[in-house]
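The values are calculated or read from the model by the stated rules, or taken from the named source; none is laboratory data. Predicted, not measured: the structure shown is a model, and the values here were computed from it. Neighbour counts are summed over all protein chains in view; Cβ atoms, including those assigned to glycine, are modelled from backbone coordinates with ideal geometry.
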Amino acid sequence: MTSLRFETVDAAAPRPAGASTAGASASPRAYLVVRGLTRRFGAFTALDRIDLEVRRGEFVCFLGPSGCGKTTLLRAIAGLDRQDEGRIEIGGRDVSHAPPADRDFGIVFQSYALFPNLTVDDNVAYGLVNRRRPRAEIAARVKELLALVGLPDQGAKFPVQLSGGQQQRVALARALATSPGLLLLDEPLSALDARVRLHLREEIRALQNRLGVTTIMVTHDQEEALAMADRIVVMNHGVIEQVGTPEEIYRTPASAFVADFVGTMSFLDATVAAPGEIRVGARSLRVADGRALVPGCAARVGLRPEDVRVRGVHPDDENAFEATIEDVEFLGAFCRARLVARDAPGLALLADFSANLMRDVGVEVGKTLLVALPPDALRVFVRSSPMADEASAS
Amino acid sequence: MSAVLQSSEDVLPTARRFITEQRVVAALVGLLCLALLVAIALPLWALLSKSFLNADGGFVGLANFARYFATPALVQSLINSVMVASLATCIVVPLAFTYAYALTRSCIPAKGLFYALALLPIFAPSLLPALSFIYIFGNQGFLKDLLFGATIYGPIGIVMAQVFYCLPHATMILVAALALSDGRLYEAAAALGTTRWRVFVTVTLPGARYGVVSAAVVVFTLVVTDFGIPKVIGGQFAVLATDAYKQVVGQQNFSMGAVVGMVLLVPAVLAFLVEQILKRRQVALLSARAVPYAPRPERRRDAALLLFCILVGGLVASILGVAVWASFIKYWPYNLSLTLSNYDFAEFEPDGWQPYFNSLKMAGLTALIGTPVIFLGAYLIEKAQAAALGRFFAHFLAMLPMAVPGLVLGLGYVFFFNAPWNPLGALYGTIAVLALNSLAHFYTVAHITAVTALKQIDGEFESVSASLKVPFWTTLRRVTVPICMPSLLDIAVYLFVNAMTTVSAVIFLYGPGTKLASIAVVHMDEAGAIAAAAAMATCIVVTAIAVKLLHLLLDAVLLSRLQRWRVRTG
Amino acid sequence: MRRWLLAAGAAIALAFGSGAADAQQRTRVTIYTALENEQLAPFKQAIEAAVPGVEVVWVRDSTGVITARVIAERENPRADMIMGLAASSLLMFEGMNLLEPYTPAGVDALKPAFRDSAPPATWTGMDAYLGVICFNTTEARRFNAPMPATWQDLTKPEFRGRLVMPHPASSGTGYLMVAMWLQQMGEEAGWRFMDALHENMAVYTHSGSAPCVQAARGERVAGISLDMRGARERTQGAPIEVIIPAEGTGWDMEATSIVRGTRNLEAARRIADWVATRQANELYSRFYAVVAYPGVTNTPANYPANAEARMFPNNFTWMADNRERILAEWSRRYESKAAPRN
């Protein structure tokens, strides 16, 4: 895992060689730099030597299942939770031990955290009043911010009189009121209805584009992350699994975990037969993996359901075989079928068919199809060396 | 949009300010710990250590305890206490259960009124029912014949008065337990054609069993540690609480008093532990999907329960009424004409009306100082980030009084504040120490109320204010306190009413010029002036109820005017 | 926040401010007393009128409680004076060296029995009180209980569970009765008598006047109690006879002392001077039939006529010396049987 983490960080923020060690100065474009951040709760390690850089103006999502450490990392950046080890820089300033008030960020929580006894206006002005600005200036600023989040005439209402989506906009306006250098969003959409969520995520993204404020959003919703982020930081068990653009994360997941967590993927237990060839049960498959895979290694092979070819497959095509449709799940715009190879019962995978394709191919349970698995769509995740495999077998 | 984008010059490092903020938290937590130590821990320690010392302050190990258990009279009191408490528990819990069942699971009319009737005894000192029962069943009682020659002075009178005194506590717990029910279970049972009795046994009882055990535990502890009732109506029937009084006040035998205090602590601590274990088990008894049970009318059941409620509620009101009525009677039982002369307290009591005003002052002080202190303490414990160890310690100390009977705490205060080495000794016998003692005695419930209110507030308010560079005290003032205002009022009224009616904690503590109304009741009863005692008890009840009514009124005003933000429409 | 603090501050100021202002002007003299409740207000008024600049603060309890309290506080005395406490208790304190010697001006005018003749003088007598039987005639008729003429009459079965007397450990009246029976009948016969009496006793009360009140209200048939309370209850209309049995009855003297180590010695001395005055004795005589000053008498209505004649020759020194032993024995005999009786 360790090597993987260094790789991903390097890939995410290319820097001159030698600048990647912890504690060294970051690349000039980095606004937020995290180095070797560790946080333990008793015996449980919530964050394990996290390294990360976020560029100025970037929209970054922390993605992972609950308990992966993404919120802990966000709260450590905010200064709301203290790290046990490691260093945090914001805007070139070391804030590792600075209190939250000295870190220059705005934050929005899943629960909105609006002050229920204050009007919308007072909520937005909350951070401004404390700076002893003239009243008129504050009022003008509040008006501007409410217009910005699309709630121009709601200032006199109390939070309880607004819908969830509206409340979250107010929270956003409040967080932006003091013009922070960093905007932190902690699962801001999770408490909202599906439709409102879709709508608001577009608005947040547009607003961020317009303001150019460096933004970090924590989410467990991979679809949200893929749709909103410039870059995604996928986390699991307190470490970063991969950092990359949504495309990279989806197309070339660095680990089986990432592949599984982001999007849907079928996994097959396999053994490396030769470079560029693996075996699943009795069947051997070609893979377009550039790495020099050691024959005999146990591996997992992943394939996205939409990459299964069924149209115009010839029996002589690479990785073509006959498969039986075991089950079909109707999902609206498309269907997801479970296919099992006729000659290798261990070779079971999911395949997505659009409504068109369904009609053309005639997908129904029990039918046998000729399918092909494109070698460049097969992702190989090595599990162990052959030695270890033998040791565990004996 | 440029205005939004501009990075204004006021985003300056404010580290110094925040460090002060953390220091403020640390200092406040330190102060809180110190205050709780003085108010709770040190007096208990003084009691504990006293029980191992002889009269001259020499360490004698367990000799005092050995002497205690070798004295048949004292051991008899222990047995008496346990017996009376068990009996009272066995009567109160089924009574309160049926009453609570009627209030929550039937369609009887005027539920609010019946609930209020059952809660009435809370506003009276425990001495009051004892006085009433003397008038009702005493040797000159108007219903004396109902006892068939048995005497009210002794276990019978104690149990009867304790049932009255404990009824509201058990009823409150059981109403809460029975109100928390999943209506779907009853629908399922009905769909399966289950008989009513089986539904009761298989659904109702298991659902409320923690409430039942909890009520039993609370009642048992209350009875064992109450002092007022056995003092007034116990006759020669000695119990632990009166023993403690006799040892400490009557014979000034502090060591033996401390031993009795320690013995009194045992059932209370056991009860506390049982409750804690139960509470942990009760988690998730009710799923979030539960549908509240809505009782449907059922004529025969409702009629029977209505009759029961009229009987019990009526009895409670009558018992209270007897004391009030008796306080206006000229010379029981020979001259039943009405008079106000029993309220001329100077005739019976050296300080006249002064004890009543002392009580008002003491209860007011307890509420006025206790409410902000308890709330701020709960806020620090619940919301602050710094001084984790101190906050944990403070929380432990705040929960401690729950397990300490008032009488025991009062004894601890005597030993602690009366010790010659204690610089706080000057406070001994002052209103301040009485208020401190009441505050400590009732700290836990008020603390839990405050913590519960604070827990309901979004936990991120402090984070948001920190991100907006607003210090925590500003958010406390502008947001947290206004949101918690109803709970603050609850706490203040709770403290006032309890400080007004308490006897057991303060009986050892009053000094020259600071006698309280409840103590005056004890003294007037001791001197045989039972009508005047009833009159003073009536004054206490009337005051406590008036304060409660004022509270309800204030709550209504608060909700309609100042707390507009709670309501969706508008 | 600020508003809360203000309110709290105001409350504190309210609670202590008024008291503090008062204390600056007048000397607060804390007096432990076993005087009856209704006497305290007039006594306070009289003392404060006679001794300007003094404020009397009473701590009132039964004789036994005050006695125990003074002993318990001997390391750290909280009382300035003791007033209206049984002479037997004061004699005990004298033996423990807890009292400040002082001979009030004008003490020579008092009856000799009310003066501390053995130097150093530590106490000044005020009045005498004696034990009587309050006998409720209405209730007695219901139970056919005969009017008692002697102490032995109280052991008759008709009184079973219908008698009441003060607890000797807490009440001065209770102790003087027990001491009287033991002195009069001899220890062995005295205890035997009390064994029999105990069989009839419904309850031992904390205070010395409560038994008479209970008898007067018909709660009990007869109560052994303080003489003045009997007269007073009868005057208020209670159907009781106040009886002093033929063998004579126990009595004790109430007296005043200054506590050693008081911080208000000067004020205490002036109050002690007042205690020996005629005016003071005239005040006592409103509540007591027998007072220290010769010629001051005010026998209240319904007070038993033969009272002075039937006062038994009491030995205070014996009472003081044997107090602890007698109380321990009494407790051993009658308190271990704490079961309810009826």
- Which residue out of B:VAL201, B:VAL218 is more than 14 Å from chain C (Cβ to nearest Cβ) and touching a residue at least 12 places away in the same chain (Cβ under 8 Å)? B:VAL218
- Message: When the residues of segment B:351-366 are narrowed to those that are surrounded by fewer than 24 Cβ atoms within 10 Å (Cβ to Cβ) and either basic (Lys, Arg) or within 18 Å of the chain's Cα centre (by Cα) (or both), which ends up farthest from the other protein chains (Cβ to nearest Cβ)?
- Response: B:LEU360
- Could you grab me the full set of residues in segment B:34-68 that are closer than 25 Å to B:MET399 by Cα and buried (at least 20 other Cβ atoms within 10 Å of the Cβ)? B:LEU36, B:ALA39, B:ILE40, B:PRO43, B:LEU44, B:ALA46, B:LEU47, B:LYS50, B:SER51
- Query: What's the number of the condition B:SER318 fails, among (1) modelled with pLDDT under 90; (2) under 28 Å from B:VAL93 (Cβ atoms); (3) among the hydroxyl-bearing types (Ser, Thr, Tyr); (4) surrounded by fewer than 17 Cβ atoms within 10 Å (Cβ to Cβ)?
  - Reply: (1)
- Item | Test: residue in segment C:287-309 that is assigned to a helix (DSSP H, G or I), more than 20 Å from C:GLY208 (Cβ to Cβ) and more than 14 Å from chain B (Cβ to nearest Cβ) | yes
- Task: Mind listing whichever residues of segment A:301-315 are among the aliphatic types (A, V, I, L, M), out of contact with any helix residue (DSSP H, G or I) (no Cβ under 8 Å at 6 or more places or on another chain) and part of a loop (DSSP other than H, G, I, E, B)?
- Result: A:VAL308, A:VAL313
- Leading residue by the ranking (farthest from B:MET402 (Cα to Cα)) among those in segment B:210-221 that are crowded, with 24+ Cβ neighbours inside 10 Å and modelled with pLDDT under 90: B:GLY211
- Query: What is the one condition in (1) closer than 30 Å to C:ALA41 by Cβ; (2) of a type in the set (A, V, I, L, M); (3) touching a residue at least 24 places away in the same chain (Cβ under 8 Å); (4) out of contact with any Leu (no Cβ under 8 Å at 6 or more places or on another chain) that B:ALA346 does not satisfy?
  - Reply: (3)
- Consider B:CYS33 carefully, then state whether it is in contact with a Gly (Cβ under 6 Å, 6 or more places away or on another chain), among the hydrophobic types (A, V, I, L, M, F, W, C) and at pLDDT 95 or above. yes
- Okay, helices (runs of 4 or more DSSP H) sitting entirely in segment B:454-519 with 1 or more residues that are in contact with a strand residue (DSSP E or B) (Cβ under 6 Å, 6 or more places away or on another chain), I get B:461-467
- Message: Take B:ALA116 and tell me if it is within 22 Å of B:ALA544 (Cβ to Cβ) and either free of Cβ contacts under 8 Å to residues at least 12 places away in the same chain or assigned to a loop (DSSP other than H, G, I, E, B) (or both).
- Response: yes
- Please state which one of C:GLY230, C:GLY250, C:GLY261 is of a type outside the set (Phe, Trp, Tyr), within 14 Å of another protein chain (Cβ to nearest Cβ), touching a residue at least 12 places away in the same chain (Cβ under 8 Å) and crowded, with 21+ Cβ neighbours inside 10 Å. C:GLY230
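For (1) in contact with a Gly (Cβ under 9 Å, 6 or more places away or on another chain); (2) assigned to a loop (DSSP other than H, G, I, E, B); (3) within 8 Å of chain B (Cβ to nearest Cβ), each residue gets a yes or a no:
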site	(1), (2), (3)
A:ARG82	no, yes, no
A:ILE88	yes, no, no
A:ASP121	yes, no, no
A:VAL124	yes, no, no
A:GLY127	yes, no, yes
- Query: What number of residues within segment B:233-279 are away from chain C (no Cβ under 11 Å), modelled with pLDDT of 85 or more and under 24 Å from B:ALA124 (Cβ atoms)?
  - Reply: 4
- Would you please name the residue that is nearest to A:THR215 (Cα to Cα), looking only at residues in segment A:29-53 that are among the β-branched types (Val, Ile, Thr) and surrounded by fewer than 21 Cβ atoms within 10 Å (Cβ to Cβ)? A:THR38
- Answer from B:LYS361, B:LYS330 - the residue that is modelled with pLDDT under 95 and basic (Lys, Arg): B:LYS330
- Item | Those residues of segment C:93-124 which are crowded, with 21+ Cβ neighbours inside 10 Å and assigned to a strand (DSSP E or B), in sequence order | C:LEU99, C:TRP123, C:THR124
- Query: Counting only residues that are of a type outside the set (S, T, N, Q), within 11 Å of chain C (Cβ to nearest Cβ) and in contact with a strand residue (DSSP E or B) (Cβ under 8 Å, 6 or more places away or on another chain), how many does segment B:336-350 have?
  - Reply: 1
- Tally, over segment A:100-118, of residues that are touching a helix residue (DSSP H, G or I) at 6+ places or on another chain (Cβ under 8 Å) and either outside any helix (DSSP H, G or I) or more than 7 Å from chain B (Cβ to nearest Cβ) (or both): 13
- Message: Pull out all pairs, ordered by first then second residue, where Cβ-Cβ is under 6 Å, the residues are six or more apart or on different chains, the first lies in segment B:48-72 and is within 14 Å of chain C (Cβ to nearest Cβ) and over 19 Å from B:LEU409 (Cα atoms), and the second is at pLDDT 90 or above and surrounded by 14 or more Cβ atoms within 10 Å (Cβ to Cβ).
- Response: B:TYR68/B:VAL259
- Going through segment B:457-477 one residue at a time, which ones are of a type in the set (D, E, K, R) and facing chain A (nearest Cβ under 7 Å)? B:ASP458, B:GLU460, B:LYS469
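Residues checked against (1) in a strand (DSSP E or B); (2) of a type in the set (D, E, K, R); (3) within 21 Å of C:PHE316 (Cα to Cα):
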position: C:CYS134; (1), (2), (3): yes, no, no
position: C:MET147; (1), (2), (3): no, no, no
position: C:SER170; (1), (2), (3): no, no, yes
position: C:GLN184; (1), (2), (3): no, no, yes
position: C:GLY190; (1), (2), (3): no, no, yes
- Of the residues that sit in segment B:518-565 and are β-branched (Val, Ile, Thr) and away from chain C (no Cβ under 14 Å), which one is surrounded by the most Cβ atoms within 10 Å (Cβ to Cβ)? B:ILE540
- Taking B:LEU320 as the residue in question, decide whether it is within 30 Å of B:VAL445 (Cβ to Cβ) and more than 10 Å from chain C (Cβ to nearest Cβ). yes
- Item | Those residues of segment A:145-164 which are among the charged types (D, E, K, R) and within 14 Å of chain B (Cβ to nearest Cβ), in sequence order | A:LYS157
- Task: Report the residue count in segment A:212-245 for those that are surrounded by fewer than 19 Cβ atoms within 10 Å (Cβ to Cβ) and either under 20 Å from A:GLY91 (Cα atoms) or not hydrophobic (A, V, I, L, M, F, W, C) (or both).
- Result: 7
- Filtered residues of segment B:415-453 (kept if of a type in the set (Val, Ile, Thr) and surrounded by fewer than 24 Cβ atoms within 10 Å (Cβ to Cβ)): B:THR430, B:ILE431, B:THR444, B:VAL445, B:ILE448, B:THR449, B:VAL451, B:THR452
